[in-house]
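Reading through the structure tokens given below for one structure.
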Amino acid sequence: MKYFTRTKEELFEEFQTKISGLTEDDVASRRKKYGENKFIEKEKDGLIKIFFDQFKDSLVIILLIAAAISFFSGNKESSFVIVLVVILNSLLGAFQTVKAQKSLDSLKKMSSPKCKVIREHEQLEIDSTELVPGDIIIIEAGDIVPADGRIIENFSLLVNENSLTGESNSIEKTDAVLEYEDSALGDQINMVFSGSLVNYGRAKVLVTNTGMNTQLGKIAGLLDQTEENITPLQKALDSFGKKLTLGIVILCLFIFAIYVYHGNTILESLLLAVALAVAAIPESLSPIITIVLSLETEKLSKENAIVKELKSIEALGSISVICSDKTGTLTQNKMTVKKIFINEKLDDEYSLKFNNKIDNLLLKSFILCTDATDTIGDPTETALIHLSQKYDLSFRDIRKDNKRLSEIPFDSDRKLMTVLYDTEDNKKIVFTKGAFDSLVTRFKYYTDENGNILPISDTFIKEIEKYNHELAEEGLRVLTFAYKYIDESKNLTTDDENDYIFHALVGMIDPPREESKLAVQECIRGGIKPVMITGDHKITARTIAKNIGIYKEGDKVLEGIELEKMSDEELEKSVEQISVYARVSPEHKIRIVSAWQKRGKICAMTGDGVNDAPALKRANIGIAMGITGTEVSKNAASMILADDNFSTIVKAIITGRNVYRNIKNSIGFLLSGNTAAILAVLYSSLANLPVIFSPVQLLFINLLTDSLPSIAVGVEPKNEDILDEKPRDPNEAILTNKFSTKLLIEGVLIAIFIIIAFYIGLKESALKGSTMAFATLCLARLFHGINYRGVRNVFAISFFKNKFSIIAFAIGFVLLNLVLLSPQMFNIFGTTALEPMNFIQIYVLSIVPTIIIQTYKTIAYR
Ligand code: ATP
């Protein structure tokens, strides 16, 4: 289909569509015919495959070997229990994997691309998947082209097609018909292709192909969407796990030798050694991290922070600088015009007069030099439309009556927008609006209070500079308006943005978000530096930053031009003093991020525009705006704010810190408990005492009563006190010397009480000794779960807030008592009946370590 050689009329005919768009019926029938506008994904692994994948795990293999050894040594019950545990564990693992996948999928859906389409005369925003051939779409700077299509109306469109053609320069597009039948993709300059990035300009496009029929769909074939998503923490733990396994294998060989030396049979000794391995390997470690991360990611998305990869949650916890856009993130992005300086007078927004030609022209400029409507579009422009409505003007009618001949769209580098229209008296008029500093050098004339056009003087420039300053001091965003007449229509270029007549200054207010102040305070408390970055004027920016608490006396406010003059080294030196950047362009953001990173800081950066993508990628956490952000920025970011709100970033950081703390606590809980078991086994074998734990007992503890509390520790709700900590050094190892020592001490402590219980039981029989030791180990570890909830003692945490912890304890307690009280279990677990007195002894011995640890925690926290 050579759509590029056909006229628009031919294409409208062929696709049975109109410039006013398809009807809902058309869309429905085409959706049936062509399907959704998306690539078909490779089918994901099913539950059964995932279930069997669990058996590749080396631990499961060790367990199965243990079952076989048990079976051949005549202990059929315990081999049955082992196999059952393996199956249960694998099922659990499979369900967890599927659940984590599902939550990632739903996150993906939340960040799925949107596009602007015209249907039945109305402009709508829809999911890109809903497009069908024949749809008329609007694409503009920052969009990712959602389908292949032919350009119907073009306003300076520049598109980067790198992903398709490998050409890294942007391509200037046209809406003209092309003649060469065999133009290559890169030469089809009146077409756009799915997946390309719109760098500049705007266009109306007739969709010709969707989904797998697009050029990208054809290349991509079946996309394999299952990317590996391993976080640094998981990687670190995997390698730690491998070292640990090796250590444990050596330890087990040692224990095996001792048992054989003490006269046990090889089979028995082997079984005991394998059991010890099972007890020592913290098998729930890796799944716990996945569970905790995916649970928290899901929770975060409900709080409006959509994290695209699990690993970002971890990185969030180490953030020490947040560079945030002002408009819409710290402020509400609800602009309202408050003041107008026109005809040499500053007055409020209602002071324009219809009978004044210049005032009238300004109202026209509000409507014609904007693209927004009263509900959709850039709030700066919406504010102008709202004001025109207050003057009873209909932007729809006025736009219908005036045809735009040419335009240079707004971009945040130039900070200007220019349009060309016909006037009534056969002249053409150019309207421009933009930042004062971008326009001030381009004025040649001004109009006095009587409407006479006069050459501009230095005195007049000084005067408007004064008014601009005055409006900015009040925290108002100032838009400057200018216009000029030209004789004939032409295609505007930036060279035409000169020789203007100064028109007006329009000051609009954008109040800070209510939450911003508190969020900034929380940042500072948490050792995180908030930095404001804005395209706005220096004084406007400083006033607002001061209001919110970001700017303090003595801080620096740096302007884009000043930043350009600084070398990277100079910037790096002074970056910590600068809390506000004004009049910056997106390119400056990347230098700001780099400067912070060179100072060793972990930096989050927000962005919404097309040119923000490099800075978002460069930042440790790139954050895009869900509401106002361009598709390109969302694509480049690792987190998307569904509510564009600064305070959501702070919430996410708190969650990130909490997640890390919880995971670390889970690890601590598992390793200290395992250490206790290992030490007890080691002691009993070295002291030539009877076998302290049977393999099934250790399995029971490790896989049932141990994994539930460790998950519970992992999902401990966040606590305010986490903000009193400084940001975590991302290179810090989990097992610092301090942490390892703590684990070891706790392990020794619990082991001592297990051995006491063992001796008490041994006075009667070996079986009773083992039963008492097993019960004490199991219960002590259940209590120990409480020690790992938060940094403070049990009375200072909100004990009942973590229901899972209480449930985990209850389940473990009930299961243990089932084993201890039902004679049917005795054979399987190698246990025996206990007297009431023994129960009391077990309860006391298992709670004492926790009491000691809690006392220590209370003292240490003080
Ligand atoms: P922030 O960086 O705080 O989010 P911003 O991204 O809104 O601010 P820009 O959009 O780059 O900043 O705006 C910078 C300046 O450009 C504004 O101060 C204003 O003077 C001018 N400006 C903003 N929007 C428009 C527009 N639609 N048309 C013309 N000029 C504009």
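The values are calculated or read from the model by the stated rules, or taken from the named source; none is laboratory data. Predicted model only: the values in this text are computed from it and were never measured. Counting neighbours? That spans all protein chains shown, and the Cβs are built from the backbone with ideal geometry, glycine included. SASA here: full protein model, heavy atoms, side chains in, ligands and nucleic acids out. Shrake-Rupley method; radii C 1.70, N 1.55, O 1.52, S 1.80 Å.
For region 571-584: of the residues being away from the ligand (no atom under 16 Å from the Cβ) and open to solvent by 10 Å² or more (accessible area, probe 1.4 Å), which is farthest from THR327 (Cα to Cα)?
For region 571-584, the residue satisfying everything is LYS573.
Exactly one condition in (1) within 11 Å of the ligand (Cβ to nearest atom); (2) open to solvent by 10 Å² or more (accessible area, probe 1.4 Å) is not met by ASP397; state its number.
(1)
Going by the structure shown, is SER183 open to solvent by 20 Å² or more (accessible area, probe 1.4 Å) and assigned to a loop (DSSP other than H, G, I, E, B)?
Against the criterion (open to solvent by 20 Å² or more (accessible area, probe 1.4 Å) and assigned to a loop (DSSP other than H, G, I, E, B)), SER183 qualifies.
What is the one condition in (1) away from the ligand (no atom under 15 Å from the Cβ); (2) modelled with pLDDT of 95 or more; (3) open to solvent by less than 60 Å² (accessible area, probe 1.4 Å) that PHE460 does not satisfy?
With respect to (1) away from the ligand (no atom under 15 Å from the Cβ); (2) modelled with pLDDT of 95 or more; (3) open to solvent by less than 60 Å² (accessible area, probe 1.4 Å), PHE460 is out only on (2).
Select from region 599-608 the residues that are in contact with a helix residue (DSSP H, G or I) (Cβ under 6 Å, 6 or more places away or on another chain) and either open to solvent by 10 Å² or more (accessible area, probe 1.4 Å) or under 14 Å from ARG728 (Cα atoms) (or both) and write down the one among them that is farthest from the ligand (Cβ to nearest atom).
CYS603
Tell me the residue from GLU587, GLU631 that is modelled with pLDDT under 90, of a type outside the set (Lys, Arg) and surrounded by 18 or more Cβ atoms within 10 Å (Cβ to Cβ), please.
That would be GLU631, the only listed residue that is modelled with pLDDT under 90, of a type outside the set (Lys, Arg) and surrounded by 18 or more Cβ atoms within 10 Å (Cβ to Cβ).
Tell me, which residue of region 424-440 that is open to solvent by 30 Å² or more (accessible area, probe 1.4 Å), in contact (Cβ under 8 Å) with a residue 24 or more places away in the chain and more than 39 Å from the chain's Cα centre (by Cα) is nearest to the ligand (Cβ to nearest atom)?
In this case the residue turns out to be LYS428.
Can you tell me which residue among LEU735, LEU767, LEU708 is open to solvent by 10 Å² or more (accessible area, probe 1.4 Å) and more than 27 Å from LEU293 (Cβ to Cβ)?
LEU767
Please enumerate the residues belonging to region 403-423 that are more than 15 Å from the ligand (Cβ to nearest atom) and in a strand (DSSP E or B).
Within region 403-423, LEU405, SER406, LEU420, TYR421, ASP422 meet the criteria.
Looking only at region 40-97, filter to residues that are touching a Leu at 6+ places or on another chain (Cβ under 9 Å) and of a type in the set (Phe, Trp, Tyr); which one of those is modelled with the lowest pLDDT?
PHE55
For region 350-365, how many residues are in contact with a helix residue (DSSP H, G or I) (Cβ under 8 Å, 6 or more places away or on another chain), basic (Lys, Arg) and in a helix (DSSP H, G or I)?
Keep residues of region 350-365 that are in contact with a helix residue (DSSP H, G or I) (Cβ under 8 Å, 6 or more places away or on another chain), which gives 350, 352-354, 363-364.
Subset that is basic (Lys, Arg): 353, 364.
Filter once more, so that each one left must be in a helix (DSSP H, G or I): 364.
Matching residues across region 350-365 total 1.
What is the number of the single condition among (1) under 41 Å from the mean Cα position of the chain (by Cα); (2) within 16 Å of the ligand (Cβ to nearest atom) that LEU362 does not meet?
Unmet for LEU362, out of (1) under 41 Å from the mean Cα position of the chain (by Cα); (2) within 16 Å of the ligand (Cβ to nearest atom): (1).
Any chance you could count how many residues in region 711-732 are open to solvent by 60 Å² or more (accessible area, probe 1.4 Å) and basic (Lys, Arg)?
So the answer is 2.
If you go through region 463-481, how many residues are among the charged types (D, E, K, R), modelled with pLDDT of 95 or more and within 14 Å of the ligand (Cβ to nearest atom)?
Residues flagged as among the charged types (D, E, K, R), modelled with pLDDT of 95 or more and within 14 Å of the ligand (Cβ to nearest atom) within region 463-481 amount to 0.
Could you please let me know if HIS503 is within 16 Å of the ligand (Cβ to nearest atom) and open to solvent by 60 Å² or more (accessible area, probe 1.4 Å)?
Values: within 16 Å of the ligand (Cβ to nearest atom): yes; open to solvent by 60 Å² or more (accessible area, probe 1.4 Å): no.
The answer is no for HIS503.
Do we have any residue at all in region 392-401 that's over 26 Å from SER351 (Cβ atoms), in contact with an Asp or Glu (Cβ under 9 Å, 6 or more places away or on another chain) and not in a loop (DSSP other than H, G, I, E, B)?
Within region 392-401, not a single residue is over 26 Å from SER351 (Cβ atoms), in contact with an Asp or Glu (Cβ under 9 Å, 6 or more places away or on another chain) and not in a loop (DSSP other than H, G, I, E, B).
Please go through region 191-246 and give me each residue that is modelled with pLDDT under 75 and on the phi > 0 side of the Ramachandran plot, ordered by number.
Within region 191-246, just GLY221 meets the criteria.
Test of understanding: among PHE800, PHE774, which residue is surrounded by fewer than 19 Cβ atoms within 10 Å (Cβ to Cβ) and not acidic (Asp, Glu)? Reasoning before the result, please.
Numbers: PHE774 fails: surrounded by fewer than 19 Cβ atoms within 10 Å (Cβ to Cβ).
Answer to the check: PHE800.
Pull up region 366-382, narrow it to residues that are open to solvent by 10 Å² or more (accessible area, probe 1.4 Å) and part of a loop (DSSP other than H, G, I, E, B), then point me to the one that is nearest to the ligand (Cβ to nearest atom).
The qualifying residue nearest to the ligand (Cβ to nearest atom) is ASP378.
If we scan region 482-496, do we find a residue that is open to solvent by 50 Å² or more (accessible area, probe 1.4 Å) and either touching a Pro at 6+ places or on another chain (Cβ under 6 Å) or within 13 Å of the ligand (Cβ to nearest atom) (or both)?
No, because not a single residue in region 482-496 is open to solvent by 50 Å² or more (accessible area, probe 1.4 Å) and either touching a Pro at 6+ places or on another chain (Cβ under 6 Å) or within 13 Å of the ligand (Cβ to nearest atom) (or both).
For region 812-859, enumerate the residues that are buried (at least 18 other Cβ atoms within 10 Å of the Cβ), of a type in the set (Ser, Thr, Tyr) and assigned to a helix (DSSP H, G or I).
Across region 812-859, the qualifying residues are SER846, THR850.
Yes or no, residue by residue, for (1) over 39 Å from the mean Cα position of the chain (by Cα); (2) open to solvent by 30 Å² or more (accessible area, probe 1.4 Å); (3) at positive phi:
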| site | (1), (2), (3) |
| --- | --- |
| PHE72 | yes, yes, no |
| SER79 | yes, no, no |
| LYS99 | no, yes, no |
| GLU120 | no, yes, yes |
| LEU124 | no, yes, no |
| ASP127 | no, yes, no |
| GLU130 | no, yes, no |
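Return yes or no: is TYR788 open to solvent by 40 Å² or more (accessible area, probe 1.4 Å) and either hydroxyl-bearing (Ser, Thr, Tyr) or free of Cβ contacts under 8 Å to residues at least 40 places away in the same chain (or both)?
In short, no.
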